[in-house]
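Structure record follows, encoded as structure tokens.
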Amino acid sequence: MTGGRPSWDDYFLSLMEEVAKRATCNRGKSGCVIVKDRRIIATGYVGSPPGFPHCDEVGHLLKQVLDEDGTARQHCVRTIHAEQNAICQAARCGTALEGAELYCTMEPCRTCALLIVSVGIERVVARRQYHAAQETRQLFAEAGIELVVQDPVVEAYPEA
């Protein structure tokens, strides 16, 4: 912060944290803000698609996922990720994301990273690391997408 004013990254990350408060899955209270020319063009949070029940209403839909190192993890698959939600909101409004910046709670997962590459986002700023972001980092490097992680702490999920 310079002279009491937050940097643009800090400003948009603070707005992303407000967006995350709308999340409907308490295991991944994530938010996303997509910006172009320092203007917000889309937001998203972890939640079910329109018209589908939310975790807050009916509970989690947990699936076991096995990491490459053999670690078994529980993932809730009822909802879509904040990054996916923001990209979908832009698409519904016909807003191009070419050259945009994306601010998110943690490094995007592989699927979100592929979408980010596909729509032409040029820069991603994450508050924290994600436990399975190695492929994301590689994809972004290959695509020439700048990845900034503010806090090197890995995002932790609460138990369901």
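Here is how the numbers come out for the structure above:
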read-out	value
Of all residues making up the range 120-138, the number that are at pLDDT below 90 and either open to solvent by 40 Å² or more (accessible area, probe 1.4 Å) or in contact with a strand residue (DSSP E or B) (Cβ under 6 Å, 6 or more places away or on another chain) (or both)	3
Test: residue in the range 139-156 that is within 16 Å of Gly31 (Cα to Cα), modelled with pLDDT under 90 and either open to solvent by 80 Å² or more (accessible area, probe 1.4 Å) or part of a loop (DSSP other than H, G, I, E, B) (or both)	yes
Cβ-Cβ under 8 Å pairs, at least 6 apart or on other chains, the range 104-117 side over 18 Å from Val33 (Cβ atoms), far side open to solvent by 10 Å² or more (accessible area, probe 1.4 Å) and not in a loop (DSSP other than H, G, I, E, B)	Arg110/Glu135; Arg110/Leu139; Thr111/Gln84; Leu114/Leu139; Val117/Leu139; Val117/Ala143
Search result, residues across the range 18-57 that are touching a strand residue (DSSP E or B) at 6+ places or on another chain (Cβ under 6 Å), among the β-branched types (Val, Ile, Thr) and under 21 Å from Tyr130 (Cα atoms)	Val19, Thr24, Val33, Ile34, Thr43
Residue in the range 136-156 that is in contact with a Cys (Cβ under 8 Å, 6 or more places away or on another chain) and either closer than 15 Å to Ala23 by Cβ or of a type in the set (A, V, I, L, M) (or both) present	no
Whichever residue in the range 103-119 is among the polar types (S, T, N, Q) and farther than 23 Å from Glu18 by Cα and, among such residues, is least open to solvent (accessible area, probe 1.4 Å)	Thr111
Enumeration of residues in the range 64-109 that are in contact with a Pro (Cβ under 9 Å, 6 or more places away or on another chain) and basic (Lys, Arg)	Arg78
Strands (runs of 3 or more DSSP E) completely within the range 1-102 that count 1 or more residues being in contact (Cβ under 8 Å) with a residue 40 or more places away in the chain and crowded, with 22+ Cβ neighbours inside 10 Å	31-36, 39-45
Among the residues listed as Asp56, Asp69, the single one being over 16 Å from the mean Cα position of the chain (by Cα), over 23 Å from Asn26 (Cβ atoms) and acidic (Asp, Glu)	Asp69
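The values are calculated or read from the model by the stated rules, or taken from the named source; none is laboratory data. This structure is a prediction, so every number in the text was calculated from the model and none was measured. Backbone-built Cβ (ideal geometry, glycine too); neighbour counts: all protein chains shown. Accessible surface areas use protein heavy atoms only, side chains included; no ligands, DNA or RNA. Shrake-Rupley method; radii C 1.70, N 1.55, O 1.52, S 1.80 Å.
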